[in-house]
Amino acid sequence: MLVLTRAEVEQLLDLDELVDALARAHAELSAGAASMPPRIAAFAEEDGLLGAMPGYLPSAGLGCKLVSVFPHNAGRPSHQAAIALFDPANGSPLALMDGTHITAARTAGAAALAARLLARDDARVLAILGTGVQARSHARAFAGIRDWQEIRLAGRDRTKTEELAAEIGARAASFEDAVRGADVVAATTHSSEPVVRLDWVAAGTHVGSVGFAAPGFELDPELVRAATIVVESRASAFAPSPAGAPELAGIEPASVAELGELVAGTRPGRASPDEITLYKSVGVAVQDLAAAALVLSAARERGTGIEIELEEIHA
């Protein structure tokens, strides 16, 4: 079994290849080719949880991510993870790798894919809400989606907001000022109260929401009701906690499209320039598998990582 550290995963994961791999993964998922039960979790102290996300994807193989989510962490990521890959033919362990970087990269990569499919072609103003790992990941992932003329960054801590804004080439703003007039809004917070309100959002805006906000939500319920909604998987998005999105309570699942359906062209995306579109992410296992498969392939090509034997072979 190959073991890969976080530093090695960061070096091996190609972010440009990742978006295309995520598109393939979601097309397979929506076509019914993947096996992916909703996430389960054990809850710990301080609002923390440990989630298990197994899955099988024909293009990426068989694996499982264990991810801890501790929203109040200081000095370390709120999401920390490990991913194990197995041989889909015989079940033998193939690799164990850090999943923290993969979680950050695939979440932002899928949001970038949604924006690529749903944002207006003339979108030029991007608003990123949040100052954590996902805000940084979104700034990188969204860089090539449109020709941004302005990037705005909003957060609850003014000092953190100004520091990160300078780092990513954005303008620090309040949540309202960041959203008003933006063409694309990327919400990446842990807020249990809405940071995007319908009356701030202009016609034709695309909104992405990846924030973990249980037991609340980071989106205005009126915005959710007004938008054309796209999710990774209806089965996951509408599942009970900890798999689903509380923002979608009361929404008819059949009215919601899946990302893979947009990729395959079996469901329409944006219908008009004035339509508000919403990508609501809960994070799904096929995204981790797609990213981990890229990492494993690159590691094998470059001879990266440490091989270990978990079982004794008896003659």
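The values are calculated or read from the model by the stated rules, or taken from the named source; none is laboratory data. Since the structure is predicted, the reported quantities are computational estimates derived from the model, not experimental observations. Cβ atoms come from the backbone with ideal geometry, glycine included; neighbour counts cover every protein chain shown.
Descriptive notes on the structure:
- Considering only residues in segment 215-236 that are small (Gly, Ala, Ser) and buried (at least 17 other Cβ atoms within 10 Å of the Cβ), the one that is nearest to Trp148 (Cα to Cα) turns out to be Ala227.
- Checking each residue in segment 50-100 for being part of a strand (DSSP E or B) and of a type in the set (Ser, Thr, Tyr) picks out Tyr56, Ser68.
- Filter pass, Ile128 being touching a residue at least 40 places away in the same chain (Cβ under 8 Å) and either touching a Pro at 6+ places or on another chain (Cβ under 9 Å) or assigned by TED's automatic domain parsing to the domain that holds Ala178 (or both): yes
- Of residues in segment 85-141 being farther than 22 Å from Pro58 by Cβ and among the charged types (D, E, K, R), the one surrounded by the fewest Cβ atoms within 10 Å (Cβ to Cβ): Asp121
- Of all residues in segment 174-194 being at pLDDT below 95 and in contact with a strand residue (DSSP E or B) (Cβ under 9 Å, 6 or more places away or on another chain), the one that is surrounded by the fewest Cβ atoms within 10 Å (Cβ to Cβ): Ser191
- Failed item, numbered, when Phe70 is tested on (1) buried (at least 17 other Cβ atoms within 10 Å of the Cβ); (2) in contact (Cβ under 8 Å) with a residue 40 or more places away in the chain: (2)
- Of the residues Leu278, Leu259, Leu296, Leu219, the single one that is in the same structural domain as Leu62 (by TED's automatic domain parsing), touching a residue at least 40 places away in the same chain (Cβ under 8 Å) and among the hydrophobic types (A, V, I, L, M, F, W, C) is Leu296.
- Scanning segment 220-261 for residues that are over 18 Å from Pro38 (Cβ atoms), part of a helix (DSSP H, G or I) and of a type in the set (Asp, Glu) turns up Glu222, Glu261.
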